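So the structure is just underneath, and the comments pick up after that.
Just so it is clear, none of the values below were taken in a lab; they were calculated from the coordinates. No experiment lies behind these values; they were computed from the predicted model shown. Glycine also receives a Cβ, built like all others from the backbone with ideal geometry; neighbour counts cover every protein chain displayed.
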Amino acid sequence: MFSAIDIGIDLGTANILVYTKAKGIIINEPSVVALDAKTRAVLAVGDEAKAMLGKAPDSILVIRPLKDGVIADFDVTRDLLKIIMQRAAKQLGSAYRKPNVMVCTPSGATTVERRAIHDAVKQSGAKTVHLIEETVAAAIGADLPISEPVASVIVDIGGGTTEVGIISFGGVVSSNTVKVAGDRMDEDIIQYVRKHYNILIGERTAENIKKEIGYAPVPHEVEHMEIRGRDIMSGLPKTITLSSLETQEALKESLSAILECIRATLENCPAELSGDMVDQGVVISGGGALLKGMQEWLSKEISVPVHIAPQPLESVAIGTGLSLGMIKQLEKMSR
């Protein structure tokens with residue numbers, strides 16, 4: 001039976017989430033770690049470490065140990081997971097023993113990358129570790145009928161990657177991954193401001209711009225936002241006003257890459273399942289689903305209904321946790 005010691009982990013490039021059936025999402029923190037530059041000892045993780053991004057002295061390294069949905073720094077990821085598991089233990093109290101853990105992996109992850117994720121979780125104190133493809137986890141978390149003979153199409157726009165999957169009978173029929181997602185959008189905004197205004201801004205500022213006035217290519221009432229950065233020419237702080245039309249322009253290239261990935265996946269779909277898409281539509285999850293105008297723009301571009309998952313930011317984590325209760329069923333279907 002699914003008990004309090006079964007947990008699901010969404011090991012994302014931007015955020016790490018932990019889900020238990022009993023308490024729901026118990027941890028949701030940025031995948032950021034602050035290290036002592038000399039000893040490599042962990043000084044802070046999560047929100048505390050993210051607050052140091054771009055502000056820390058040379059003696060402190062602030063890094064993201066996960067890149068494009070996979071582990072870039074194994075040792076730091078293992079240390080991050082240990083701390084996250086300790087925090088989960090505190091939240092769960094006496095019910096917590098060595099947990100059974102389900103972790104999501106990107107669909108395009110290699111055997112080596114999957115092994116790295118498995119080992120990092122195992123070494124951080126898990127009893128058993130199971131891996132599930134991110135698209136399947138997102139579909140379960142978005143409450144799609146994945147075990148039925150209909151096409152469930154999920155587009156998960158995360159921090160490092162965008163995953164597109166068509167699922168039927170519990171298995172992935174067609175899938176594609178592109179390393180363009182939230183982080184690339186932030187980078188696009190940084191480059192746009194640098195090129196057009198000669199001003200340097202940081203990752204956190206770019207992320208705030210994306211959330212506040214970021215738009216997919218749809219008509220909208222123009223919004224403005226004041227931003228502060230460093231003038232490249234004078235080296236002094238400077239304030240400028242950015243419009244939502246400019247962010248729309250900055251994000252155009254990344255959104256086109258995501259659209260191409262969706263189209264390529266839909267083109268590989270068996271003819272029998274294509275009809276289901278017109279009825280069921282496409283579900284989008286992940287932080288990218290919350291970009292203003294995203295639903296309307298995608299629906300217009302791919303000519304099928306587009307729905308946003310009930311809890312887009314948490315879909316993968318919820319699906320990862322829930323899948324532990326249906327592991328035998330999933331294994332049967334994937335044979």
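Results, tabulated for the structure shown:
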item	result
Extension gain (nm, one decimal) between L61 and R204, 0.36 nm per residue minus Cα-Cα	49.8 nm
29 Å Cα-Cα threshold exceeded, pairs from K67/K122; K67/K292; K82/K292	K82/K292
Antiparallel %, DSSP beta bridges [both residues in segment 44-199], to 5	70 percent
For the chain, the longest site-free run once GluC sites (Glu not before Pro) in DSSP loop states with at most 15 other Cβ atoms within 10 Å are removed	1-220
Euclidean distance between Cα centres, segment 1-75 to segment 126-155, Å	23 Å
15 Å reach of a label modelled at M225, 7 Å along Cα-to-Cβ, counting backbone N of segment 183-201	183-194, 201
Charge dipole (segment 84-139, unit charges on Cβ, about Cα centre) - positive-most of V136, I117, T105	I117
Theoretical FRET efficiency, 1/(1+(r/R0)^6), r = Cβ-Cβ of A22 and I83, R0 22 Å, to 0.05	0.55
Residue-averaged [θ]222 nm for the chain, counting only DSSP H segments that reach four residues, each worth -39500 (n - 2.57)	-12000 deg cm²/dmol
Descending semi-axes in whole angstrom, ellipsoid equivalent of segment 80-130, from the Cα gyration tensor	23, 10, 9
Relative contact order (%) - criterion: Cα under 8 Å, at least six apart; region: the chain	19 percent
Candidate values (i) 92, 40, 32; (ii) 59, 41, 36; (iii) 63, 53, 33, label of the one derived for Cα extents along the principal axes in Å	(iii)
For segment 5-123: rounded, prolate or oblate by the Cα gyration tensor [a/c cutoff 1.5]	oblate
Cα-Cα over 27 Å, subset of K38/K98; K210/K300; K21/K98	K38/K98
